[in-house]
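In what follows, a single structure is set out as structure tokens and then discussed.
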Amino acid sequence: MLELMRQNDQPIKMAQNGGVAAIAYKCSERRIYSFRKVLFDKRKTRKNLKTISVIPLFKKGLHKCGSAVGNCFILGMAYREKSRSTILESTKHKRVPIFVMMPVDAFCVDTSGVPRIRKIKALTMSLKALKLAGVHGIAVEVWWGIVERHSPFSYNWSLYEELFNLVSQSGLKLQVALCFHSNVHSSSKGKGGVSLPLWIMEIGYLNRDIYYRDQTGSSNDDYLTLGVDHLPLFCGRTALQCYEDFMLSFVKTFQSLMGNVIEEVSVGLGPSGELRYPAHPFDDGRWRFPGIGEFQCYDKYMMEDLKRAACEAGRPQWGDKGPQNAGRYNSFPSGIPFFEEGGESFLSDYGRFFLEWYSGKLICHADAILEKAAQLLKTYEETGANPVLLVAKIGGIYWWYQTDSHPAELTAGYYNTALRDGYDPLVSVVSRHGAALHISCLEMIDSEIPPTYLCSPEGLLQQIRSLSKERVIQLTGRNANERFDKAGLLQIIANCYHPQAEAVRSFTYFRMNDKIFRVENWNNFVPFVRRMNTAIHRTIKLGKSKW
């Protein structure tokens, strides 16, 4: 049984840096946590924002006050988080291992319903070529919809046993991503791909509210809504218990590979495996870049939770619905009241209440899953085996980053604005469970993106980089888009070996396909891999550096 309840009243300790204090909210009925900042960081604020009132801090100790979500605790400035995550000394001088992600069409399901590896001979040759090029390992997505496909507790690992053996025989290591989402919509025109388990989908046919819904009622069946995390709707199990049982079966099945072949395990936390809401559903046509997206809280279970939180806050009217003035998927922030100053905007009492609840649910979700994953890996490591790195992925939501409200991040569940560091409570949870944080966009350069959309992938990376240093956690990363050109590859090196931060623990190249082996691309990719393997930390000057 998944231990979803805290058994004591001890608050979560969070670090305070740069004049920033943190609040840990404890929802007494549901025994879950959400977080919010009560003072702001040192980032320069913009002139058109009014000063936001904050809860006063007291001189010492732990003090309790009313909150929007339940009882809250202010952590005194003497408290600092003690991280379980450690960074190796002098990592700036260590090489960054490169994993290459498996092709998106590596698997298929035959006519008898059995999953198979496609083009196994071509795959074997590709693995050997990557090994000769200096690649460290292969990143493999392990799909819930393949392994527990037909019925609850019926796990079929044969596909991955064959694949892992193939990778191991090629002399490569494994980075495993446990995927509790679907990629059907992201596959070519919706054909192929991996759905959620068939027995989960059968439940979904009868109850569409197990999936996220937007304000029009449209559902997204790529991932189960956070509203069912604690509800036994899945043949007597909650969603969190389904995830835990899957992780347990994985560790038991592949215990002989853990630590020597399998070096990293990332646990799926949302769409595309990332801790976020599906606020930007590009794959089904509802959203296109650079729209702000929409809040995803309109399934009945999330709405019931919102109503409870509003009643606890003494404002039951706030629980009837989400923001009604937040635009649509493809809106730009200008002229959208919720993302501007005044009225019931993100700066209002209602706006702060809603965003604290919305982001807090996401952080509680990560807390519960990472806790169980960390416990499983710790139990395994106590046998004397080599450690396996636990990884949590977040989305790289970089568009409209240079606005005050960061609307695309808010709809995705990251309560990050010009006045509030919304990634700090998230990083705190990751740190507390001894995990590394994985982020994409390492190949992106601000100047390559149209300035109209006020994007800043470099600014986002710098924010995450600074937090990782404060919280003493390791970073891993990947590219968001295919890049074979020297400028993009050099930008990856620059971000992996940043002069003001520790080198990233590993880098995942997204992803293996026919293009990577074309002569013109291979002639850039191989020197890139060797450059990452030199174990030398340099400042990279784009356009001037040579392989």
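The values are calculated or read from the model by the stated rules, or taken from the named source; none is laboratory data. Please read these numbers as outputs of a predicted model, since none were measured by experiment. Reconstructed Cβ throughout: ideal geometry from the backbone, glycine too, with neighbour counts over all protein chains shown. Side chains are part of the model used for accessible areas, which takes the heavy atoms of the whole protein and leaves out ligands, DNA and RNA. Shrake-Rupley method; radii C 1.70, N 1.55, O 1.52, S 1.80 Å.
Considering (1) aromatic (Phe, Trp, Tyr); (2) outside any helix (DSSP H, G or I); (3) under 24 Å from Gly360 (Cβ atoms), say which one Tyr155 fails and leave the rest.
Tyr155 satisfies all of (1) aromatic (Phe, Trp, Tyr); (2) outside any helix (DSSP H, G or I); (3) under 24 Å from Gly360 (Cβ atoms) except (3).
Those residues that are basic (Lys, Arg) and either outside any helix (DSSP H, G or I) or open to solvent by less than 10 Å² (accessible area, probe 1.4 Å) (or both), I need them from the range 307-323; list them, please.
Passing the criteria: Arg315, Lys321.
Does Ile138 qualify as being in contact with a helix residue (DSSP H, G or I) (Cβ under 9 Å, 6 or more places away or on another chain), within 20 Å of Gly268 (Cα to Cα) and at pLDDT 95 or above?
yes
Within the range 324-337, which residues are within 14 Å of Cys297 (Cβ to Cβ) and either open to solvent by 40 Å² or more (accessible area, probe 1.4 Å) or not in a loop (DSSP other than H, G, I, E, B) (or both)?
Passing the criteria: only Gln324.
Condition check ((1) within 21 Å of the chain's Cα centre (by Cα); (2) over 27 Å from Arg505 (Cβ atoms); (3) among the hydrophobic types (A, V, I, L, M, F, W, C)) across all residues:
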{"residue": "Leu231", "(1), (2), (3)": "no, yes, yes"}
{"residue": "Phe234", "(1), (2), (3)": "no, yes, yes"}
{"residue": "Thr253", "(1), (2), (3)": "no, no, no"}
{"residue": "Ser266", "(1), (2), (3)": "yes, no, no"}
{"residue": "Ile292", "(1), (2), (3)": "yes, yes, yes"}
{"residue": "Cys311", "(1), (2), (3)": "no, yes, yes"}
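Just give me the residues in the range 136-167 being in contact (Cβ under 8 Å) with a residue 60 or more places away in the chain and open to solvent by 50 Å² or more (accessible area, probe 1.4 Å), in sequence order.
If the condition is that a residue be in contact (Cβ under 8 Å) with a residue 60 or more places away in the chain and open to solvent by 50 Å² or more (accessible area, probe 1.4 Å), then Phe153, Tyr155, Glu161 are the ones that fit.
Would you be able to tell me the number of residues in the range 458-490 that are touching a residue at least 60 places away in the same chain (Cβ under 8 Å), more than 25 Å from Asn533 (Cα to Cα) and crowded, with 17+ Cβ neighbours inside 10 Å?
The qualifying residues number 3.
Yes or no: Val388 within 20 Å of Tyr277 (Cβ to Cβ) and in contact with an Asp or Glu (Cβ under 7 Å, 6 or more places away or on another chain)?
It is false that Val388 is within 20 Å of Tyr277 (Cβ to Cβ) and in contact with an Asp or Glu (Cβ under 7 Å, 6 or more places away or on another chain).
Going through Glu356, Glu371, Glu304, Glu294 one at a time, which residue ends up being part of a helix (DSSP H, G or I), of a type outside the set (Phe, Trp, Tyr) and under 18 Å from Pro407 (Cα atoms)?
Glu356
Residues that are in contact (Cβ under 8 Å) with a residue 40 or more places away in the chain, buried (at least 24 other Cβ atoms within 10 Å of the Cβ) and not aromatic (Phe, Trp, Tyr): does the range 509-521 have at least one?
No; the residues of the range 509-521 include none that is in contact (Cβ under 8 Å) with a residue 40 or more places away in the chain, buried (at least 24 other Cβ atoms within 10 Å of the Cβ) and not aromatic (Phe, Trp, Tyr).
Based on what the data block shows, is Ala385 of a type in the set (Gly, Ala, Ser) and at pLDDT below 95? If you could, list the steps in order and put the result at the bottom.
Numbers: of a type in the set (Gly, Ala, Ser): yes; at pLDDT below 95: yes.
Taking the combined requirement at face value, the residue satisfies it.
When you go through (1) open to solvent by less than 50 Å² (accessible area, probe 1.4 Å); (2) modelled with pLDDT under 95; (3) hydroxyl-bearing (Ser, Thr, Tyr) one by one for Ser126, which number turns out not to apply?
Going through the list (1) open to solvent by less than 50 Å² (accessible area, probe 1.4 Å); (2) modelled with pLDDT under 95; (3) hydroxyl-bearing (Ser, Thr, Tyr), Ser126 breaks only (2).
Please enumerate the residues belonging to the range 374-408 that are assigned to a loop (DSSP other than H, G, I, E, B), free of Cβ contacts under 8 Å to residues at least 40 places away in the same chain and over 18 Å from the mean Cα position of the chain (by Cα).
Passing the criteria: Glu382, Thr383, Gly384.
Hey, which of the strands (runs of 3 or more DSSP E) in the range 183-290, taking only ones fully inside, have at least 3 residues that are more than 20 Å from Ala374 (Cα to Cα) and either of a type in the set (Asp, Glu) or open to solvent by less than 20 Å² (accessible area, probe 1.4 Å) (or both)?
Passing ranges, in order: 219-224.
Identify the residue in the range 272-314 that is closer than 21 Å to Phe339 by Cβ and basic (Lys, Arg) and, among all such residues, is modelled with the lowest pLDDT.
Arg286
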